[in-house]
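Undergrad: The structure's right below; bear with me while I get my questions together.
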Amino acid sequence: RKEVEQDPGPFNVPEGATVAFNCTYSNSASQSFFWYRQDCRKEPKLLMSVYSSGNEDGRFTAQLNRASQYISLLIRDSKLSDSATYLCVFTGGGNKLTFGTGTQLKVEL
Amino acid sequence: GAGVSQTPSNKVTEKGKYVELRCDPISGHTALYWYRQSLGQGPEFLIYFQGTGAADDSGLPNDRFFAVRPEGSVSTLKIQRTERGDSAVYLCASSPLNTGELFFGEGSRLTVL
């Protein structure tokens with residue numbers, strides 16, 4: 001099983017839609033989880049951390065399910081500017097951060 | 001600016017040549033990471049420094065790859081006898097200690113002909 005698995009997409013959604021991505025991880029010892037955003041030909045940037053209790057930042061909600069070993073990202077009221085690749089990231093031990101392959105989102109008019 | 005700076009932004013070289021990629025992290029960030037990213041893939045971990053020492057170099061693909069950070073600030077990634085498969089964007093990131101937030105540079109795009 002791969003360390004981390006993400007559906008590469010692309011997810012093509014209309015503006016205003018709600019979209020959700022999942023990311024599964026294989027290392028049960030993983031302690032910290034994050035979602036990063038990467039625009040085309042740009043560097044990745046932290047979108048949000050993922051806490052055990054779930055967390056929300058405006059239109060974005062992140063959740064962690066340790067029992068099933070996945071994290072999720074929900075985007076409500078999608079904007080054109082949300083078009084990007086969303087990378088799930090986790091620490092597998094120490095401070096090494098492992099990135100998924102990313103899920104591409106395209107928000108259309 | 002105050003962000004992570006990487007040079008060169010683009011490097012084209014011939015197979016078998018030696019390449020150095022430089023990273024200047026954000027001032028005060030003790031952790032420094034090197035990743036490489038190929039088209040359509042996520043960043044692949046190479047090496048992580050805590051201060052001057054390599055805390056985890058498990059991602060270096062083979063002994064042609066080496067990285068240093070002699071004074072705990074600037075880091076250099078060195079690739080010997082480059083191969084076409086080394087072509088990728090090499091990303092450097094720095095982080096305040098143990099926050100999990102990485103601040104990436106814009107990357108060095110390496111093309112090996």
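The values are calculated or read from the model by the stated rules, or taken from the named source; none is laboratory data. This one's a predicted model, so the numbers in the text were calculated from it and none came from an experiment. Cβ atoms come from the backbone with ideal geometry, glycine included; neighbour counts cover every protein chain shown. Note: accessible area is taken over every heavy atom of the protein model, side chains too, but ligands, DNA and RNA are not part of it. Shrake-Rupley method; radii C 1.70, N 1.55, O 1.52, S 1.80 Å.
Undergrad: Which one of the conditions (1) more than 10 Å from chain A (Cβ to nearest Cβ); (2) open to solvent by less than 40 Å² (accessible area, probe 1.4 Å); (3) in contact (Cβ under 8 Å) with a residue 60 or more places away in the chain does B:Gly51 fail to meet, given that it meets all the rest?
TA: Just one mismatch for B:Gly51, condition (3).
Undergrad: Suppose we filter region B:68-84 for residues that are open to solvent by 10 Å² or more (accessible area, probe 1.4 Å) and either over 19 Å from B:Leu39 (Cα atoms) or free of Cβ contacts under 8 Å to residues at least 12 places away in the same chain (or both); how many remain?
TA: 10
Undergrad: Can you find a residue that is crowded, with 20+ Cβ neighbours inside 10 Å, touching a Leu at 6+ places or on another chain (Cβ under 8 Å) and modelled with pLDDT under 95 anywhere in region A:44-51?
TA: Looking through region A:44-51, at least one residue is crowded, with 20+ Cβ neighbours inside 10 Å, touching a Leu at 6+ places or on another chain (Cβ under 8 Å) and modelled with pLDDT under 95.
Undergrad: Then there's this: Identify, from the list B:Leu91, B:Leu77, the residue that is within 13 Å of another protein chain (Cβ to nearest Cβ), modelled with pLDDT of 95 or more, within 13 Å of the chain's Cα centre (by Cα) and part of a strand (DSSP E or B).
TA: Going through B:Leu91, B:Leu77 in turn, the sole match is B:Leu91.
Undergrad: Would you check if there is a residue in region A:93-103 being out of contact with any Cys (no Cβ under 8 Å at 6 or more places or on another chain), of a type in the set (Ser, Thr, Tyr), in a loop (DSSP other than H, G, I, E, B) and more than 11 Å from chain B (Cβ to nearest Cβ)?
TA: No, because not a single residue in region A:93-103 is out of contact with any Cys (no Cβ under 8 Å at 6 or more places or on another chain), of a type in the set (Ser, Thr, Tyr), in a loop (DSSP other than H, G, I, E, B) and more than 11 Å from chain B (Cβ to nearest Cβ).
Undergrad: Out of curiosity, is B:Gly42 over 29 Å from A:Asp7 (Cα atoms), within 14 Å of chain A (Cβ to nearest Cβ) and of a type outside the set (Val, Ile, Thr)?
TA: In short, no.
Undergrad: Quick check: is even one residue across region A:8-25 within 28 Å of A:Glu108 (Cβ to Cβ) and facing chain B (nearest Cβ under 10 Å)?
TA: yes
Undergrad: Residue check: is B:Ser87 under 23 Å from B:Gly16 (Cβ atoms), open to solvent by 10 Å² or more (accessible area, probe 1.4 Å), of a type outside the set (A, V, I, L, M) and without any contact (Cβ under 8 Å) to a residue 60 or more places away in the chain?
TA: yes
Undergrad: Just name the residue that is surrounded by the fewest Cβ atoms within 10 Å (Cβ to Cβ) out of those in region B:21-35 that are within 11 Å of another protein chain (Cβ to nearest Cβ) and closer than 13 Å to B:Gly59 by Cβ.
TA: The selected residue is B:Tyr35.
Undergrad: Of the residues in region A:20-43, how many are without any contact (Cβ under 8 Å) to a residue 24 or more places away in the chain and open to solvent by less than 50 Å² (accessible area, probe 1.4 Å)?
TA: 1
Undergrad: Can you work out which of the residues in region B:19-55 that are assigned to a loop (DSSP other than H, G, I, E, B) and within 23 Å of B:Glu71 (Cα to Cα) is nearest to the chain's Cα centre (by Cα)?
TA: Step one: of region B:19-55, the residues assigned to a loop (DSSP other than H, G, I, E, B) are B:25-30, B:38-43, B:51-52.
Still in the list and also within 23 Å of B:Glu71 (Cα to Cα): B:25-30, B:51-52.
Numbers: B:Pro25: 11, B:Ile26: 14, B:Ser27: 17, B:Gly28: 18, B:His29: 15, B:Thr30: 15, B:Gly51: 15, B:Thr52: 15 Å.
Applying the filter and picking the extreme gives B:Pro25.
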